[in-house]
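Colleague: Handing you a structure now.
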Amino acid sequence: MRVFLNGELVEREQALVPVDDRGFLFGDGVYEVVRAVDGSLYEAERHWRRLARSLDGTEITPPAGLDAAALDALAQQLLDENGLAAGDALVYLQITRGAAPRTHHFPPATTRPTVFASAGPFSPPHALRARGASAITHPDLRWARCDLKTVNLLPNVLAKQHAVAAGADEAVLVRDGMVTEGSSTNVFAVIAGELRTHPASNHILPGVTRDVVIELAGQLGVPVRELPVPVEELREATELFLTSTTNDVMPVVRVDGRPVGSGEPGPVAGRLYAALAERMPARTAV
Ligand SMILES: Cc1ncc(COP(=O)(O)O)c(C=O)c1O
């Protein structure tokens, strides 16, 4: 596979980042993951808008000219170069503050940010969606700028590992008794006929899929309230589901070993997934 590193397309094995890179030393960088279906990027504009927001929030100045059009072209080039013009693929993009002698404060303004991008094939998790995922609840130990998509993901990594070690698929994070989001997903619950999800505050990543799902719920006449769900209320949920670029809409049928609702994937998640798949550049639904 050929990847993009600092202005050049190179073989993946040849793409090397110096040990002084602040992404390596401090997790001082931001990233995006964008879906492509049959060579077309899905919701790229929203991803690039969020990237700009993450760069702004972390005070990283991207290289001149790296605007949405340039990012689209770069993603497209990576898809074409790697034979991904058909089928499902993911494009990964990361920008760090660059390589410089280690200081906690910012390096000199002349330091060039590191830009890395790659594309690879992707298999949507249709089988898991059909049977429903399982989750554990887990303390949300992250910082107070979860709205920025940074590569500083250690609390997410630990939470997901604890889920996997417990035989579950995702960790549903809980802060001050309230469900915030998943370790790499947003969380929705159906409670008393209403779709509930944490508001887009500094405590969650404003997921692109989350935004689309809220819009689609409105179009389908499903009432939505952006109000945090207390962890005890999960017991009253008739449905629970996760959203993300790689999961689309993923029903959760067990939390901490207890069934959610009927213990089967529910109708609201099913309708929202169908509506989401309908919007994709090509149908990937099965
Ligand atoms: C912490 C977190 N929340 C939510 C999401 C879902 O965001 P999106 O729908 O934009 O993929 C992600 C995606 O990686 C994430 O890491």
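Colleague: Per residue, what accessible area does segment 38-164 have, given a 1.4 Å probe and all protein chains present, in Å²?
Modeller: Spelled out: the 1.4 Å probe surface of segment 38-164, per residue, equals 50 Å².
Colleague: To continue, here is another question. Residues with amide H under 5 Å of residue 152's amide H, sequence separation 5 or more or different chain, H placed in the peptide plane at 1.01 Å from N; which?
Modeller: 29
Colleague: Calculate one ³J(HN,Hα) per residue across segment 133-145 by plugging θ = phi - 60° into the Karplus curve 6.51 cos²θ - 1.76 cosθ + 1.60, and present them in order as whole Hz with x for glycine and proline.
Modeller: Once rounded to whole Hz, the list reads 8, 10, 9, 10, 8, 8, x, 8, 9, 7, 6, 9, 10.
Colleague: Show 90, 16, 227 ordered by accessible area, largest first, where the area counts protein heavy atoms only and the probe is 1.4 Å.
Modeller: Final ranking, largest accessible area leading: 16, 227, 90.
Colleague: So, with a 1.4 angstrom probe, what is the percent of accessible area on the chain that is carbon and sulfur?
Modeller: So the carbon and sulfur contribution to the accessible surface is 55 percent.
Colleague: Something else about it: Apply the Karplus curve 6.51 cos²θ - 1.76 cosθ + 1.60, θ = phi - 60°, to the phi angles in segment 266-276 and return the couplings in whole Hz, x for Gly and Pro.
Modeller: Ordered by residue, 3J(HN,Hα) equals x, x, 5, 4, x, 5, 5, 5, 4, 5, 5 Hz.
Colleague: Let me ask something additional. Please list 178, 280 from largest to smallest accessible area, probe radius 1.4 Å, with all protein chains kept in place.
Modeller: From most exposed to least exposed: 178, 280.
Colleague: Across segment 214-227, in residue order, what do the Karplus-derived ³J(HN,Hα) couplings come to in whole Hz, using 6.51 cos²θ - 1.76 cosθ + 1.60 with θ = phi - 60° and x for Gly and Pro?
Modeller: Each residue's phi maps through the Karplus curve to give 4, 4, 5, 4, x, 5, 8, x, 8, x, 10, 10, 7, 9 Hz.
Colleague: Quote the accessible area belonging to residue 176 in square angstrom, nearest 10, computed with a 1.4 Å probe and with ligands, DNA and RNA left uncounted.
Modeller: 150
Colleague: I've got another one for you. Enumerate the amide H contacts of residue 239 below 5 Å, restricted to partners 5 or more residues apart or on another chain; note that Pro and chain-start residues carry no placed amide H.
Modeller: 190
Colleague: So what's the Cα pair-distance distribution over segment 91-214, bin width 5 Å, in %?
Modeller: Using 5 Å bins, I get a P(r) of 2, 9, 14, 18, 19, 16, 10, 6, 3, 2, 0, 0 for segment 91-214.
Colleague: Further question: So for the chain, taking the charge dipole from beta-carbon charges (+1 Lys/Arg, -1 Asp/Glu), which of 82, 31, 179 sits furthest toward the positive end?
Modeller: Farthest towards the positive pole: 179.
Colleague: Here is a further query. What order, most packed first, do the peptides 206-215, 229-238 have when packing is the mean number of other Cβ atoms within 10 Å of each residue?
Modeller: On the way: 206-215: 21.0, 229-238: 16.1.
Ranking the peptides 206-215, 229-238 by packing returns 206-215, 229-238.
Colleague: Can you compute log10 of I(q)/I(0) for the chain with the Debye formula, treating each Cα as one identical point scatterer, at q = 0.08, 0.09, 0.12, 0.15 Å⁻¹?
Modeller: Taken in order of the listed q values, log10 I(q)/I(0) reads -0.35, -0.44, -0.79, -1.18.
Colleague: Can I ask one more? Among 269, 230, 259, flag the residue with its Cα farthest along the positive direction of the charge dipole of segment 218-286, charges on Cβ as +1 for Lys/Arg and -1 for Asp/Glu.
Modeller: The one lying farthest along the dipole's positive direction is 269.
Colleague: R0 = 35 Å: FRET efficiency of residue 271 with residue 111, Cβ-based, nearest 0.05?
Modeller: 0.10
Colleague: Taking H placed 1.01 Å from N in the peptide plane, check which residues at least 5 places from residue 182 or on another chain put their amide H under 5 Å from its amide H.
Modeller: Here the answer is 173, 187, since their amide H atoms fall under 5 Å of that of residue 182.
The values are calculated or read from the model by the stated rules, or taken from the named source; none is laboratory data. Source: prediction; values computed, not measured. Every residue, glycine among them, receives a Cβ derived from its backbone with ideal geometry; neighbour counts consider all protein chains shown. Accessible surface areas use protein heavy atoms only, side chains included; no ligands, DNA or RNA. Shrake-Rupley method; radii C 1.70, N 1.55, O 1.52, S 1.80 Å.
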